[in-house]
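To keep things clear, I will list the structure first and then write my remarks on it.
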Amino acid sequence: MISTAIPYANGAPHIGHAYERIATDAFARWKRLEGFDVLFVTGMDEHGQKMQRTAEREGLTPQGLADRTAAQFERMGEVLNARADDIVRTTQERHKQAALEIWRRMEANGDIYLAKYAGWYSVRDEAYYDEGELTERDGKKYAPTGTPVEWVEEESWFFRLSAYGEKLLAHYESHPDFITPEHYKNEIVAFVKRGLADLSISRTTFDWGIPIPASPQTSSSHVMYVWVDALTNYITATGWLTGQGDRVRFWPADAHVIGKDITRFHAIFWPAFLLSASAPLPEKIVVHGFLFSRGEKMSKSVGNVVDPIELAERYGVDQLRYFFLREIPFGQDGNYSHEAIVNRINADLANDLGNLAQRSLSMIAKNCGGAVPRLHETLEEDARILNESGGVVELARRAMDAYRPDHALAEIFRVVAEANRYFASQEPWAKKKSDPARMETILYVTAETLRRLAIPLQAFIPAGAGALLDLLAVPLEAREFIHASADHALVSGAPLPAPAPIFPRFVEEESASNP
Ligand code: ME8
């Protein structure tokens, strides 16, 4: 099981959401190609004060706003070719049951008590902050994230987070890869070591949330703190807490993929809740960085939010996926700009991969009767490139096991570049008359190399890699990693479809000022 964070349903998808979805989809596809039975889940975070306030501002009901946003995110998943197996919406009945069940278990374990809360709350972050963390500007106080905070006093249920510090530290110690990459782990460990305060986990000042069953102790009605509610979505998808459905076996999750701003919630609160509820902990919290448009943080107030669907329509879906996954060192922040995207598309996809496929396959169509060429006597150069392409899945696998799609793609495209050098130096076009057998061998070796590269590429650029495998007449049931070896090599004489270009160059539109 692998998951994305569940986006707040108060606004349309932005590039950060697209990046997270694409990366998680690539990890999920990779594991499927490895032969695993994969559950890939996403969802929508639909409760909380932020939802209630945005809905009021827009003249909608909170549910109406949630429905509108959920439809936008569903469309984003489809457009990006990154559909999940399940979308957990926190207003769904199955999710309410799971959230109440985790609450019941934490309460039964003695970890929930009633007290009065007074403190600084940021509605934008849906989080409390300590006085010491705040900064003051023009008489107003701000959270470390830059969002305004307000003073809140209310009766609240508390979770005994303070009791879990030692247990969490022991878990980080015994599971050194629990939080990856390492530098995010170091921040979390330092935070826990400073000591954890108990956590307020209910609200009485608004009602858009999961109601906590009334108790004789309470004087007002409480709804669940949106993060207890939201984090539980990961279990809702499996039915583990309620024992319902046929996905119970998927819990614990292998990886929760999240952005760097929500590591505390995932690496401290969530495992503490699970320990309290006697539920197994997820294997890994996989943290990615933030994307910036030429170095600026995107936000609605700055007005530079880019619609990922527009980007996909402009550059192409595989092209956008490739750019994100190849360009940004996974775990670090990254920049995107028109120039950077176009450079990647044209250099790697169009020139290196697309051209090689186009040139070799059209030569085969013209000179080898539209069938896989014959393989005659092979030379050292042939063996070398076949060896390189034969080893690529293993090298990329190591990178993907470390959640580095950028490294995996670098390995694959290193071999794409090798294959180009092979093709150019062997000059099959020059052997057409002088040594047709040699020409056939070179074309065979090139086609077989393309096959071995296209198989792992399916995780990243599924449509283009699939189209390339179609052009090589590789059957749908022979496209997993076990098929990337020589045992499943192309069979000489097998008919091939007519070649068609994959990955055209991105050509700049004529701008109005430059006729
Ligand atoms: O945090 N670049 O929702 P969200 C990369 N509802 N990633 C970004 C980003 C950017 N510029 N901006 C946001 C929430 N993200 C909660 C999650 S999970 C139980 C609840 C990432 O819509 C962000 O880090 O603000 C998070 O992983 C995801 O997008 C959703 O962010």
>> For region 213-226, check the following and say yes or no: at least one residue is within 16 Å of the ligand (Cβ to nearest atom), part of a loop (DSSP other than H, G, I, E, B) and surrounded by 13 or more Cβ atoms within 10 Å (Cβ to Cβ).
In response: yes
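Quick check: is even one residue across region 469-477 on the phi > 0 side of the Ramachandran plot, at pLDDT 95 or above and not acidic (Asp, Glu)?
Looking for residues that are on the phi > 0 side of the Ramachandran plot, at pLDDT 95 or above and not acidic (Asp, Glu), one finds at least one in region 469-477, hence yes.
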> Of these, GLU107, GLU74, GLU101, which one is under 21 Å from MET1 (Cβ atoms) and over 27 Å from the mean Cα position of the chain (by Cα)?
Replying inline: GLU101
> Out of the residues in region 1-23 that are out of contact with any Pro (no Cβ under 7 Å at 6 or more places or on another chain) and aliphatic (A, V, I, L, M), which is surrounded by the most Cβ atoms within 10 Å (Cβ to Cβ)?
Replying inline: ALA9
> Picking from GLU187, GLU153, which residue would you name as being charged (D, E, K, R) and away from the ligand (no atom under 16 Å from the Cβ)?
Replying inline: GLU153
> If you check ARG32, ARG53, ARG21, ARG57, which single one turns out to be within 13 Å of the ligand (Cβ to nearest atom), basic (Lys, Arg) and assigned to a helix (DSSP H, G or I)?
Replying inline: ARG21
>> Under 7 Å between Cβ atoms, which residue pairs at least 6 apart in sequence (or on different chains) link something in region 242-261 that is buried (at least 19 other Cβ atoms within 10 Å of the Cβ) with a partner that is of a type in the set (Lys, Arg)?
In response: ALA255/LYS284
> Across region 308-360, what is the total count of residues that are surrounded by fewer than 18 Cβ atoms within 10 Å (Cβ to Cβ), assigned to a loop (DSSP other than H, G, I, E, B) and within 14 Å of the ligand (Cβ to nearest atom)?
Replying inline: 3
> Looking at (1) surrounded by 14 or more Cβ atoms within 10 Å (Cβ to Cβ); (2) in contact (Cβ under 8 Å) with a residue 40 or more places away in the chain; (3) in the same structural domain as ILE22 (by the TED database), which is the one condition that is false for VAL123?
Replying inline: (3)
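Could you name every one of the helices (runs of 4 or more DSSP H) located completely within region 402-515 that has at least 1 residues being touching a Lys or Arg at 6+ places or on another chain (Cβ under 6 Å) and in contact (Cβ under 8 Å) with a residue 24 or more places away in the chain?
Passing ranges, in order: 405-426, 436-457.
Would you confirm, using the coordinates I've provided, whether GLY48 is assigned by the TED database to the domain that holds HIS266, within 16 Å of the ligand (Cβ to nearest atom) and under 30 Å from VAL393 (Cα atoms)?
Taking the combined requirement at face value, the residue does not satisfy it.
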> Can you tell which of LEU33, LEU100 is in contact with a helix residue (DSSP H, G or I) (Cβ under 7 Å, 6 or more places away or on another chain) and either crowded, with 19+ Cβ neighbours inside 10 Å or closer than 24 Å to ASP125 by Cβ (or both)?
Replying inline: LEU33
> How many of the residues in region 190-212 are within 15 Å of the ligand (Cβ to nearest atom) and of a type in the set (Gly, Ala, Ser)?
Replying inline: 1
> Does ALA66 satisfy being buried (at least 21 other Cβ atoms within 10 Å of the Cβ), aliphatic (A, V, I, L, M), near the ligand (Cβ under 10 Å from one of its atoms) and in contact (Cβ under 8 Å) with a residue 24 or more places away in the chain?
Replying inline: no
> Is there a residue in region 2-16 that is among the small types (Gly, Ala, Ser), within 10 Å of the ligand (Cβ to nearest atom) and touching a Leu at 6+ places or on another chain (Cβ under 6 Å)?
Replying inline: yes
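The values are calculated or read from the model by the stated rules, or taken from the named source; none is laboratory data. These numbers were taken from a predicted model, which means no experiment stands behind them. With ideal geometry, Cβ positions are generated from the backbone for all residues, glycine too; neighbour counts draw on all protein chains shown.
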